[in-house]
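The values are calculated or read from the model by the stated rules, or taken from the named source; none is laboratory data. In this text, all values refer to a predicted model and were calculated from it rather than measured experimentally. As a convention, Cβ positions derive from the backbone with ideal geometry for all residues, glycine included, and neighbour counts pool all protein chains shown.
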Amino acid sequence: MDNIQSSEANGQRSPFANWACSHAFYERVFQWIMERIFCLSESAVLLVIGPTGAGKTTLIQHLISQLAIWMASAMKDDPSRLHKVYAEAVYVPTRGFDWEGLFTGLLSDANEILLNRKVAKEWPPEKPNLKGLASAVNTMLLRHAPPAAIIDEGGSFVESDSDESLDRVLGFLKSIGNRSHTHLVIFGDYRLAKMSTLNAQLNRRCHIMHFSNYPVGYKDQFDLVVGTFEKRLRGQNVPADLSGASDLLFDETSGCVGLLKRWLESAWIAERGTGRTIDRKVLESTRFPAGSVSKWRAEIANGHENLRIFFDGLTKPEGGR
């Protein structure tokens, strides 16, 4: 604890704080999202599907910051405009999908006034009114006209206790943005792929992009990503020699850049203040548990197979439609 307090006093933060590694797969997905947000004539549902640790959370943060830049002029001309609204999707096993949390999250992110009163009026605890909250969200989107409503953890949408519950999920998803020109951008794991195949009307609005890990055939490109992280560490006065551990980093992250970042941060924390170089020896001592690595590998293998079944060719890193 003393070391942590000392680090805070000295202003030490993660060398990757407020920084994102701009690499080939990351840029490809980002450009795909931005082109559809600003070029499609009708509101769409953009599904960004990828494994745990691919870097979706970092991409969301970058997307939000860039939307603010792109919308700066429009928001200056019309202060009611927003550059986005954002919320996380949550599935509660004992209750089903948490629509109240999602809708309230979107309304709260838009700084809707009297939010608690709206929820109390339109969603009484004894008789939930999902249509009332959905209507409030659509009214908010019409009023503030954000180009995108961004939802994270979208795999939760397909966790359903019954076909009736799933139909309700699809119905409310179709309703969001129907009357506005707001695109729905949903990030999630491989479960999300199932959603676009369950309803013809929703499928018509869906555009799908695979935010892939770096597979074996792209090991040389992953090595370039590792080099970018090494350069960042050195630029933050952290001694690092990652080239000798690139094979280890690739194998145990399954080529996922988000997992790479998490691993390197753990190594930095372990060696913070010692002056020792973050190299293969340090990385071996801070590696992920074998059970976690196995779970990630299985998730990726099963996810790729499901994408191949649902969408022929989408498992390729460049795949998107």
### Message
Between 48, 92, 29, which is of a type in the set (Val, Ile, Thr), without any contact (Cβ under 8 Å) to a residue 24 or more places away in the chain and closer than 20 Å to residue 189 by Cα?
### Response
92
### Summary
By residue number, the members of the range 82-100 that are crowded, with 16+ Cβ neighbours inside 10 Å and not in a strand (DSSP E or B) are 82, 83, 84, 89, 90, 98, 99, 100
### Message
Being surrounded by 10 or more Cβ atoms within 10 Å (Cβ to Cβ), farther than 30 Å from residue 316 by Cα and either β-branched (Val, Ile, Thr) or modelled with pLDDT of 85 or more (or both) is the filter here; which residues of the range 1-27 pass it?
### Response
4, 13, 14, 15
### Query
Has the range 303-312 got any residue that is out of contact with any helix residue (DSSP H, G or I) (no Cβ under 6 Å at 6 or more places or on another chain) and small (Gly, Ala, Ser)?
no
### Message
Can you tell me which condition residue 203 does not meet? The list is (1) assigned to a helix (DSSP H, G or I); (2) at pLDDT 75 or above; (3) surrounded by fewer than 21 Cβ atoms within 10 Å (Cβ to Cβ), and all the others hold.
### Response
(2)
### Task
For the range 191-199, state whether one or more residues are within 25 Å of residue 85 (Cβ to Cβ), touching a strand residue (DSSP E or B) at 6+ places or on another chain (Cβ under 6 Å) and at pLDDT 80 or above.
yes
### Query
Does residue 232 satisfy being modelled with pLDDT of 95 or more and in contact with a Ser or Thr (Cβ under 6 Å, 6 or more places away or on another chain)?
no
### Message
For the condition more than 17 Å from residue 189 (Cα to Cα), surrounded by fewer than 14 Cβ atoms within 10 Å (Cβ to Cβ), small (Gly, Ala, Ser) and in contact (Cβ under 8 Å) with a residue 60 or more places away in the chain, what is the one hit in 273, 313?
### Response
273
### Query
So which of 107, 63 ends up being over 25 Å from residue 17 (Cβ atoms) and not small (Gly, Ala, Ser)?
107
### Query
Residues of the range 239-270 being assigned to a loop (DSSP other than H, G, I, E, B) and crowded, with 21+ Cβ neighbours inside 10 Å, which ones?
242, 254, 255, 256
### Task
Would you confirm whether any residue within the range 60-67 is of a type in the set (S, T, N, Q) and assigned to a loop (DSSP other than H, G, I, E, B)?
no
#### Entry: Condition check for residue 298: within 23 Å of the chain's Cα centre (by Cα), at pLDDT 95 or above and either within 20 Å of residue 315 (Cβ to Cβ) or surrounded by fewer than 17 Cβ atoms within 10 Å (Cβ to Cβ) (or both)
yes
